1. Mind telling me which of the residues Arg13, Arg50 ends up being in a loop (DSSP other than H, G, I, E, B) and modelled with pLDDT under 85?
2. Just to verify a result, which residue in region 18-29, among those that are surrounded by 11 or more Cβ atoms within 10 Å (Cβ to Cβ) and aliphatic (A, V, I, L, M), is farthest from Ile57 (Cα to Cα)?
3. Can you tell me which residue within region 65-115, out of those that are without any contact (Cβ under 8 Å) to a residue 60 or more places away in the chain and β-branched (Val, Ile, Thr), is farthest from Glu10 (Cα to Cα)?
4. So, Ala72, is that one in a helix (DSSP H, G or I) and out of contact with any Gly (no Cβ under 9 Å at 6 or more places or on another chain) or not?
5. From the list Ala220, Ala191, Ala180, Ala237, which one is modelled with pLDDT under 80 and part of a helix (DSSP H, G or I)?
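The values are calculated or read from the model by the stated rules, or taken from the named source; none is laboratory data. These numbers come from a predicted model, not from an experiment. Ideal geometry is used to build each Cβ from the backbone, glycine not excepted, and the neighbour counts take in all protein chains shown.
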Amino acid sequence: VLTGTHDKVEVRRAEKARAQAVRAVHEMIARLNRQFHPQGIEILDVIITRVQLNPEIANQMTEKTMVISRQAEQRMTQMSQMQELGFSEELTTLLQAYSEEQDGEKAQGTKEIQVVTKTLDLQRAEAAKQQAAVAEEAGVSVQMINAEARKETSKLVVGSGAVTTGLVSAAEAEAALARAECDKHVATALAEAELKVAQNKSKAAQVVNAAEEKASQMLAARRAFETHEMKIGVYDALAANEKVVIADAAGPRATQALLSEAILAGHEGRDPARARVVAEAAVMRNLADNLVPP
């Protein structure tokens, strides 16, 4: 930010201009009140929104402002150059100090690494010695543990053999009981199945007998119907024959009259003997009886 400077004369001129502006505002308020007061209007304050200066004055102020700005720019440029020079020298000093400190730290770190390495070698040797001692003790302990484990294993094998024998015996007994129970269930199921088969066979025989009886009835009815149709056919054939006389079997007198008439017609023009007529009548009556349906 560029900050300009001004002299004391400018300050006095500014104060004078401010006072003149205040007096101008008060005079303007007084003139407006004299103008609008008769109408009942009172002006309390006036705001100046625009001030237009004389072009010469404006140019003078612009030139003076530019001079002040150039002077401030020169001072700021000089200050910037001085600051850059100071920063450069300070940075060089800091880098040199940091380099020297880094070198010192590296040397100290190298010494500490040597000390730590020596200490670590000693600790490694001690750890290897302790590890060997522990391994030796562990080998002895492992042998003792293996011996104890073999001993316990032998005991467990013997005990497990006895337990296994007992379990096998119990399992066999349970298996025998289960087989007996299964055989019982199988026998019961077979008996129930055979009873069911026998019942079904009995029902089937009853159904077959009923069907055969019904079929016999139907067959007898069919045969009777066929016989009746055959008789009707015979009657139709006899009815179509002009030489055959059909009479009711319930009226023997009518039948006998018809037979006598037929016999006499057969001996027309002759005087037959009585015995011959009676014989022919008997033969024709027998024939008629055989033809009449029951």
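1. Only one candidate passes the filter, namely Arg50.
2. Checked region 18-29; the qualifying residue farthest from Ile57 (Cα to Cα) is Ile29.
3. Val115
4. no
5. Answer to the check: Ala237.
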